[in-house]
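Here the structure is laid out as structure tokens; the discussion comes afterwards.
The values are calculated or read from the model by the stated rules, or taken from the named source; none is laboratory data. Values in this document were obtained by computation on a predicted structure and should not be read as measured data. Backbone-built Cβ (ideal geometry, glycine too); neighbour counts: all protein chains shown. To get the accessible areas, we keep the full protein, side chains included, count just its heavy atoms, and leave off ligands, DNA and RNA. Shrake-Rupley method; radii C 1.70, N 1.55, O 1.52, S 1.80 Å.
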Amino acid sequence: MRTVLLGPPGAGKGTQAKRLAEKYSMEHLSSGDIFRAEKASGSELGEQIAKRIDHGKFVPDPIVVEMMTRAIVEAGESFLLDGFPRTLAQARSLDESLATRSATLDLVILIEVADDEVVERIAGRRIAPESGCVYHVTFNPPKVEGVCDESGEALVHRADDCEEIIRQRLKTYHEQTQPVIDYYRNCEGLDMFSVTGTNKMPDDVTESIFAAMQQRI
Ligand code: AP5
Ligand code: MG
């Protein structure tokens, strides 16, 4: 299944993507995780990327499209895109790239969350870079404080997880990614559904998504 997961920063894309990808055997491809891994590698490209993401700015489209296209080709026929596409140019490039393999997207899932809730979530987020697990100090704490349940590695705070930068990321989301949502809504033959994440715990959001998936499979 070729699936896109959309939603504002802090909507719970990473949290839900991990569960969805596992249940439906899809390769979870998070653009943010791919960029942070490149940054951690210390490469020149990673340094270039860090200058953008650490300040809440989008990575330029040509870099995003090249890195994500490579990841999609490697993933094969079943993938779940998290964080890509998030500009209209990226959405069109994705369609073109799939078309060269006579493929199209099967499903788009949108998680909607109010801006103020996003800010609260991001402030308490902790991530495990190796396992990809995402925690929240209050809403989704690990069993042992500061340690990943799955891998045992130390949890870290993302460089772009401060209020000033999250407000900037939200502004960019409304300006640049809302048109992508409208683009998919108007795409004939494409299946799309949305769930609300506002005032809902992670397990309740998962339940809503799985219920909608069940009707389709
Ligand atoms: P990326 O890593 O994709 O960040 P994002 O889209 O801003 O989304 P987040 O990862 O912050 O949030 P999420 O929706 O995954 O939520 P999570 O599950 O962690 O991208 C980072 C940066 O890279 C971008 O800002 C940009 O600079 C660049 N970039 C990436 N892709 C790009 C592209 N295509 N083009 C250009 N640039 C690009 O959950 C958040 C927190 O809330 C966690 O603590 C979690 O435990 C908690 N939580 C989750 N669900 C709930 C719930 N229901 N209730 C309470 N708490 C919850
Ligand atoms: Mg994420």
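Numbers for the structure displayed
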quantity: Dipole of the chain, positive end: most advanced residue of 90, 194, 105 [Cβ charges, Cα centre]; calculated: 90
quantity: Residue 2 long-range amide H proximity, modeled H, under 5 Å; calculated: 79, 106, 107
quantity: Average accessible area per residue (Å²) across segment 47-87 - probe 1.4 Å, nucleic acids and ligands excluded; calculated: 47
quantity: Fraction of the pair-distance distribution of the chain above 31 Å, Cα-Cα pairs, percent; calculated: 15
quantity: Amide H contacts under 5 Å for residue 126, placed H, 5+ residues apart; calculated: 135, 136, 137
quantity: 1.4 Å probe accessible area per residue over segment 135-217, in Å²; calculated: 62
quantity: Viscosity 1.306 mPa s, 10 °C: Kirkwood-radius Stokes-Einstein D of segment 101-213 over Cα pairs, µm²/s; calculated: 98
quantity: Ranked order, 97, 151, 102 - accessible area, probe 1.4 Å, largest first; calculated: 102, 151, 97
quantity: Additional length obtainable on full extension of the chain from residue 203 to residue 216, 0.36 nm per residue less Cα span; calculated: 2.7 nm
quantity: Dipole magnitude (debye, nearest 20) for the chain, charges at Cβ of Lys, Arg, Asp, Glu; calculated: 120
quantity: For the chain, built as a Gaussian network whose Cα springs stay under 10 Å, the top-fluctuating residue of 64, 73, 113; calculated: 73
quantity: Carbon and sulfur %, accessible surface of segment 116-217 computed with the full protein complex present, 1.4 Å; calculated: 49
quantity: Radius 11 Å from Cβ of residue 79, net charge of other residues (Lys, Arg +1; Asp, Glu -1); calculated: -4
quantity: Three semi-axes of the equivalent ellipsoid, segment 80-162, Cα gyration tensor, whole Å, largest first; calculated: 32, 17, 11
quantity: Zero-based 5 Å bins, Cα pair distances in segment 19-121, whole percents; calculated: 2, 10, 20, 22, 20, 15, 9, 1, 0
quantity: Translational diffusion coefficient (Stokes-Einstein; Kirkwood radius from C-alpha pairs) of segment 146-207 at 20 °C, 1.002 mPa s, in µm²/s; calculated: 140
